[in-house]
1. So which pairs qualify, if the first residue must be in the range 13-31 and at negative phi, the second must be buried (at least 16 other Cβ atoms within 10 Å of the Cβ) and small (G, A, S), the Cβ gap must be under 6 Å, and the two must be at least 6 apart or on different chains?
2. Residues in the range 10-55 that are more than 28 Å from I80 (Cβ to Cβ), β-branched (V, I, T) and surrounded by 13 or more Cβ atoms within 10 Å (Cβ to Cβ): how many?
3. Check E58 against each of (1) under 22 Å from K74 (Cα atoms); (2) surrounded by 11 or more Cβ atoms within 10 Å (Cβ to Cβ); (3) touching a residue at least 12 places away in the same chain (Cβ under 8 Å) and name the one condition it does not meet.
4. Mind counting the residues in the range 61-102 that are at positive phi and either of a type in the set (S, T, Y) or surrounded by 10 or more Cβ atoms within 10 Å (Cβ to Cβ) (or both)?
5. Determine which member of the set I86, I76 is touching a residue at least 60 places away in the same chain (Cβ under 8 Å), among the hydrophobic types (A, V, I, L, M, F, W, C) and part of a helix (DSSP H, G or I).
6. Out of the range 1-22, which residues are farther than 16 Å from T37 by Cβ, modelled with pLDDT of 90 or more and not in a helix (DSSP H, G or I)?
7. For the structure I just gave you, tell me whether R47 is touching a helix residue (DSSP H, G or I) at 6+ places or on another chain (Cβ under 9 Å), without any contact (Cβ under 8 Å) to a residue 12 or more places away in the chain and either charged (D, E, K, R) or outside any helix (DSSP H, G or I) (or both).
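The values are calculated or read from the model by the stated rules, or taken from the named source; none is laboratory data. These figures come from a predicted structure and were not determined experimentally. Here Cβ is always computed from backbone atoms with ideal geometry, including for glycine, and neighbour counts include all displayed protein chains.
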Amino acid sequence: MRRDIFQAIADPTRRAIITLIALQAMTPNAIAENFHTTRQAVSKHLRILTECELVKQEQRGREIYYSLEINKMKEIDQWIEQFRKIWESRFQQLDQVLSTLKKQK
């Protein structure tokens, strides 16, 4: 089943997992140590993130390491960028209005 990446990142635990593995690959046990939840719950979150292709798995000996899939994160950033541009434009317009009002006083 292909999941939606935006539903995946809507969950705060999954966002925290993404933050954890952004700098270095980690095993499920290492990830689970950072949460007050069961290892099984963390595994479920990792499965969802993997299905969305936000994280990738790499087998190293007996361990599986999870790391961030940068290209999928870029997809999220591109979607957000359109809103960033809109809001930056609105803030610039607001700055101009405030500057004009300040000069009138």
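1. That search, which allows pairs on different chains as well, returns R14/A8.
2. 1
3. All conditions are met except number (2).
4. Total meeting the criteria: 0.
5. One residue alone meets the criteria, I76.
6. A10, A22
7. no
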